[in-house]
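Q: Encoded as structure tokens, here's the structure I'll be asking about.
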Amino acid sequence: MARHCILIIALVVLGQTSVATAEPQTKKMKVFVLAGQSNMVGWGNSKKLPDDLRNGNDRVLMFENGKWQPLRPIRKASKNQEKFGMTEFSFGPEVAFAHEMAKAWPDETIGIVKFSIGGTSILTWKPEWSKKDADRIGQGRLGSLYKKLMAKVDQARKAREIEIVGFLWLQGGRDMKDVAVAKEYLDNLESLVAAVKKDTGVPDLPFFCGSPRRTQDPDDISDVVPQRIPGPYPAVEFVLKAQWDAQKEIPHARTVILRDIKKHPMNVHYNTEGQLKVGRLFAQAFLNSSLRIGGHTPQKILAMLGAKGRDAITDRQLAAYRRIFGFIDANGDGQHSKKEFIDDGRYLTRQARQGIFRASDSNSDGIVSKEEYIDNRIITDEAKAIFEKMDTNDDGKLTRKEFIASGKIKDEDLAKEAFKALDSDGNGELVIPEYLRVWGRWARSGRKTQAAASK
């Protein structure tokens with residue numbers, strides 16, 4: 001059981017301008033605000049990150065030290081963290097989360113506003129905070145964390161125009177120690193979310209609540225009657241039940257299950273692999289819930305177009321994919337490095353190989369496993385075959401007229417909506433790279449988040 005849950009308020013800001021330039025910013029940036037306990041502060045080891053995640057870029061930003069800058073680990077490892085081999089910087093789920101969002105929204109800039117303090121109770125995050133109330137768990141000295149969080153959000157908004165689109169919360173470990181406080185958890189969570197919606201001016205703000213699971217816990221605990229249990233976390237069942245019920249009691253809310261998250265040895269904190277997985281789980285939950293096309297999920301639209309995924313793949317095709325993977329895997333280590341695939345690749349252009357590598361690397365760890373390679377081949381080969389059937393004049397472009405005339409989506413209005421969603425540059429026609437970027441995102445977002453992020 002993870003001790004700490006994290007508040008990830010996702011304030012997303014639409015935009016693509018670099019913080020390093022003085023050019024006028026004409027597009028809002030999608031910003032996610034994160035806060036909470038020590039697992040949001042972060043126990044990931046920066047030295048174990050691939051260079052692209054460790055160094056950051058101008059499409060994935062964070063608001064720190066009063067300015068927007070490339071997102072990267074900057075918090076110096078503590079003395080306690082040094083015991084676990086962390087000698088540089090630590091990070092939390094924000095790294096994987098933000099990069100997954102950037103991959104899903106290739107035309108946007110992603111921003112992170114993070115505020116977190118280890119070991120804090122939900123009482124310290126209450127909008128109607130009082131020292132007397134917070135002193136019930138000995139944390140009155142911390143002051144109102146809600147005010148501090150919103151002050152940072154306000155600073156971020158003044159530094160650049162933003163659009164707030166989501167609020168993610170992962171916290172609760174401290175409250176699992178106190179039954180009385182745990183019994184108030186849902187009420188306090190509701191008031192927190194309501195205040196964030198009011199103060200950000202987004203009444204329908206999506207809210208995501210991370211909720212860890214013990215081995216014996218089912219994902220769905222609707223029928224569980226919480227009981228006090230022996231041990232250091234007597235109120236664990238009360239907190240987990242409140243987090244599960246949040247999606248019923250709080251508008252636009254969803255609970256994100258966190259199961260089998262890797263931790264440091266003999267420790268309650270998520271390690272590097274765990275932090276990356278948590279970030280991916282939140283991103284997948286956000287993406288899975290946010291997009292509808294004519295009232296349908298992207299996966300339903302793909303099915304209408306004829307997508308079958310792995311169900312249509314023969315053993316012979318799988319064997320062929322495995323052989324090709326082996327040809328590229330020059331050192332035979334069972335994975336493709338960027339050098340093997342991009343630098344030493346002999347097919348297509350370097351730019352094309354870079355795009356394929358990014359799409360295949362579903363867990364953003366800088367390498368492509370055999371499973372990831374095969375998964376991407378299944379998605380892209382099927383997508384291209386469907387594209388070619390609709391491209392009746394074989395010019396390598398798919399117009400809206402051709403798309404609708406294919407009859408794959410019977411409802412013409414829905415077909416128009418689907419084409420519009422695929423047409424990311426809005427020029428009225430689809431070309432293969434553009435089409436595959438959106439198709440691949442849709443195909444991957446439809447999977448169960450735990451399975452998809454478990455690599």
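The values are calculated or read from the model by the stated rules, or taken from the named source; none is laboratory data. Everything quoted here is computed from the prediction, not taken from an experiment. Cβ atoms come from the backbone with ideal geometry, glycine included; neighbour counts cover every protein chain shown.
Q: Return the only residue of W169, W125 being at pLDDT 95 or above and among the aromatic types (F, W, Y).
A: After ruling out the rest, the residue left standing is W125.
This table checks each residue for (1) under 26 Å from L422 (Cβ atoms); (2) surrounded by fewer than 16 Cβ atoms within 10 Å (Cβ to Cβ).
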site: F325; (1), (2): no, no
site: G332; (1), (2): no, yes
site: S337; (1), (2): no, no
site: A352; (1), (2): yes, yes
site: I356; (1), (2): yes, no
site: I367; (1), (2): no, no
site: R377; (1), (2): yes, no
site: F387; (1), (2): yes, no
site: R400; (1), (2): yes, no
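Q: Could I ask something else about it? Looking at region 146-171 only, could you name the residues that are in a strand (DSSP E or B) and either surrounded by fewer than 19 Cβ atoms within 10 Å (Cβ to Cβ) or among the acidic types (D, E) (or both)?
A: Kept after step one, since they are in a strand (DSSP E or B), are these residues of region 146-171: 162-163, 167-169.
Hit for region 146-171 is E163, nothing else.
Q: Additional query: Out of the residues in region 411-441 meeting the condition of being under 18 Å from T392 (Cβ atoms) and β-branched (V, I, T), tell me which one is surrounded by the fewest Cβ atoms within 10 Å (Cβ to Cβ).
A: Only one residue fits best here, namely V431.
Q: On the given criteria, is Q275 assigned by TED's automatic domain parsing to the domain that holds V31 and closer than 16 Å to W169 by Cα? Before you say what the answer is, go through the steps one by one.
A: Values: assigned by TED's automatic domain parsing to the domain that holds V31: yes; closer than 16 Å to W169 by Cα: yes.
Judged against the criteria, Q275 is a match.
Q: Mind counting the residues in region 403-431 that are closer than 16 Å to L302 by Cβ and either part of a helix (DSSP H, G or I) or among the β-branched types (V, I, T) (or both)?
A: Of the residues in region 403-431, 10 are closer than 16 Å to L302 by Cβ and either part of a helix (DSSP H, G or I) or among the β-branched types (V, I, T) (or both).
Q: Restricting to region 343-397, what's the tally of residues that are farther than 28 Å from K408 by Cβ and in contact with a strand residue (DSSP E or B) (Cβ under 6 Å, 6 or more places away or on another chain)?
A: Result for region 343-397: 4.
Q: Would you be able to tell me the number of residues in region 87-119 that are surrounded by fewer than 23 Cβ atoms within 10 Å (Cβ to Cβ) and not small (G, A, S)?
A: 10
Q: Pairs only if they're at least six apart or on different chains, beta carbon under 8 angstrom, first in region 110-121 and at pLDDT 95 or above, second surrounded by fewer than 24 Cβ atoms within 10 Å (Cβ to Cβ); list them, first residue then second.
A: From region 110-121, the pairs are T120/Q139; T120/L142; S121/A134; S121/I137; S121/Q139; S121/D178; S121/V181.
Q: Of all the helices (runs of 4 or more DSSP H) wholly in region 172-291, which have at least 3 residues that are touching a strand residue (DSSP E or B) at 6+ places or on another chain (Cβ under 9 Å) and touching a residue at least 40 places away in the same chain (Cβ under 8 Å)? Working first, answer last.
A: Values: elements: 179-183, 185-200, 236-249, 272-290.
Fully inside region 172-291 and qualifying: 185-200, 236-249, 272-290.
Q: For region 118-162, give me the residue count where each residue is under 20 Å from L71 (Cβ atoms) and among the aliphatic types (A, V, I, L, M).
A: Summing the residues that are under 20 Å from L71 (Cβ atoms) and among the aliphatic types (A, V, I, L, M) in region 118-162 gives 5.
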